[in-house]
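Taking it in order: structure first as structure tokens, then the write-up.
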Amino acid sequence: MRNYLIAFRDWLWTRARLMPRDEAARRLADYDLEATTGELYSFGKLLLDEGIQRTGQLESKATIVVGYSGALIAFLLTQPATTNSLVWWATIVGAACALVALTLAFWAGRIHRSYWLSDNTWLPDRKIAKAFTLQLNYFEAIFEVNQDLRSLNLRKGNLVFLAQWTLLSAVIAVTVALFASR
């Protein structure tokens with residue numbers, strides 16, 4: 001079991017590894033051709049668009065888990081009291097798991113990005129001598145936003161993942177309760 005936890009931790013760590021800003025600036029300074037920077041800029045915009053789309057997908061999943069968890073809790077609250085110990089415990093475990101899933105999914109939906117493009121990014125304060133320098137400025141801004149978006153999606157994804165498995169545990173517990181009550 002310990003090896004699986006270590007593998008899971010390593011998998012999360014490799015997903016979370018972000019390039020430091022100074023490393024990105026160093027790599028960008030190595031490029032001399034405007035065409036190369038233009039390609040990097042275009043690819044950065046593509047990554048940004050995909051990150052925004054991924055955020056939307058994760059928020060949709062979180063909303064679905066919140067809905068199912070709330071429905072499961074409402075279903076459990078409408079059930080009559082029982083004297084069967086197994087049914088009672090399975091119902092309590094199912095309700096607790098559904099409540100945890102609801103909380104995790106709600107939390108995943110409430111996480112928002114902290115850095116985004118602004119008017120100061122669009123119209124920089126420093127003098128821009130030519131279009132290439134402006135494109136470098138925009139490239140740096142897209143890099144910052146993309147890093148923040150990737151970190152945000154990682155947190156959202158982990159919370160939604162946990163919420164889904166917790167909801168599955170709740171459904172299994174409620175299924176046990178339903179079959180034990182017959």
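The values are calculated or read from the model by the stated rules, or taken from the named source; none is laboratory data. This structure is a prediction, so every number in the text was calculated from the model and none was measured. Ligands, DNA and RNA are excluded from the accessible area calculation, which covers all protein heavy atoms including side chains. Shrake-Rupley method; radii C 1.70, N 1.55, O 1.52, S 1.80 Å.
Worth pointing out:
- Using θ = phi - 60° in the Karplus curve 6.51 cos²θ - 1.76 cosθ + 1.60, the 3J(HN,Hα) couplings for segment 162-172 round to 5, 5, 5, 5, 5, 5, 4, 4, 5, 5, 5 Hz; x is entered for Gly and Pro.
- Residues in segment 45-57 carry Karplus couplings, in order, of 5, 4, 4, 5, 4, 5, x, 5, 5, 5, 4, x, 5 Hz; the curve used is 6.51 cos²θ - 1.76 cosθ + 1.60 with θ = phi - 60°, and Gly or Pro positions show x.
- For Leu77, the accessible area of its heavy atoms, probed at 1.4 Å with every protein chain present, is near 140 square angstrom.
- Maximal additional length on extending the Trp88-Leu46 stretch stands at 9.9 nm, based on 0.36 nm per residue less the C-alpha distance.
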